[in-house]
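Bear in mind that the values in this text are calculations on the coordinates, not laboratory data. Remember, it's a predicted structure, so these values are computed and weren't measured experimentally. Ideal geometry is used to build each Cβ from the backbone, glycine not excepted, and the neighbour counts take in all protein chains shown.
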Amino acid sequence: MGGFGGADGLARYLRDEQIDVLIDATHPYAGIISVNAAYAAERTGVPLLALRRPPWTKVAGDTWIEVASVEEAVDVLGKAPRRVFLALGRKELAPFAGAPWHHYLVRSVDPVDPPLAVPHALYVTGRGPFGEADDCALLEEHHIEIVVAKNSGGTATYGKIAAARALGLPVVMLRRPVLPQVPAVETVEDAVVWLDHALTP
């Protein structure tokens, strides 16, 4: 964990610590560190594997509006006040201050500090997994009309997507960033198999 001082710093760390292999197991939206890892691995000759869980895919009943950026998500919400559930990282929230007429319910792992500079915002903290029933109750309690989320994949935070489907709510889905083309697997088990082969003399 850590920034390592950018791509060159990571390359230096790999050399100094005599690292044998590098596994990029960062979040699907942590694009910068994935780019740095690919650069450092190429520069040092250290074998690299990315652990990338597959994204969610739409199923019957889903209404997704896919966007390329948080700023685009803000635009999609429109000019009429809406009750919005924001399920993004804290660092992605700032653009919503540009649309202060909405009522926001923000869920994050850690408290949002400073809070959004808007008149109507409530905050809940928690770490998944979040189940469909609990997320349905949360969305109904706060009369949510639209959900804004990242396509994180996996099961831990899928509850909000299933809940939106059950309640007939649209989801503004932030597309994943384009990541470097490197060898990749979808599960920890597959990463361990790769690691066994990578470390075989």
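Descriptive notes on the structure:
- Extending 7 Å from the Cα toward the beta-carbon at both Thr125 and Glu66 defines two label points whose distance is 3.5 nm.
- For a paramagnetic label modelled on Leu169 (point 7 Å from Cα along Cα→Cβ), amide N atoms under 11 Å away belong, within segment 123-139, to 135-139.
- Here's the list of lysines a cross-link from Lys160 could span, going by alpha-carbon distance under 21 Å and ignoring same-chain residues fewer than 8 apart: Lys58, Lys91, Lys150.
- Using the Cβ-Cβ distance between Ala133 and Ile32 with R0 = 45 Å, the FRET efficiency computed as 1/(1 + (r/R0)^6) comes to roughly 0.80.
- Spin-label proximity, His197 to segment 39-83 - amide N less than 14 Å from point 7 Å beyond Cα toward beta carbon: 48-50
- Among 188-195, 50-57, the peptide with the highest mean count of other Cβ atoms within 10 Å heads the list, and the full ranking is 50-57, 188-195.
- Equivalent-ellipsoid semi-axes for segment 1-51 (Cα gyration tensor, √(5λ), whole Å, largest first): 16, 12, 9.
- The chain, helix-only ellipticity at 222 nm - DSSP H runs n ≥ 4, -39,500 (n - 2.57), divided by all residues, nearest 500: -9500 deg cm²/dmol
- Under Stokes-Einstein, with the Kirkwood radius over Cα pairs as Rh, the value for segment 64-174 at 25 °C and 0.890 mPa s is 178 µm²/s.
- Across all directions, the shadow cast by the convex hull of the chain built on its C-alpha atoms averages 12.6 square nanometres.
- Relative contact order of segment 64-174, taken over Cα pairs closer than 8 Å and 6 or more residues apart, is 32 percent.
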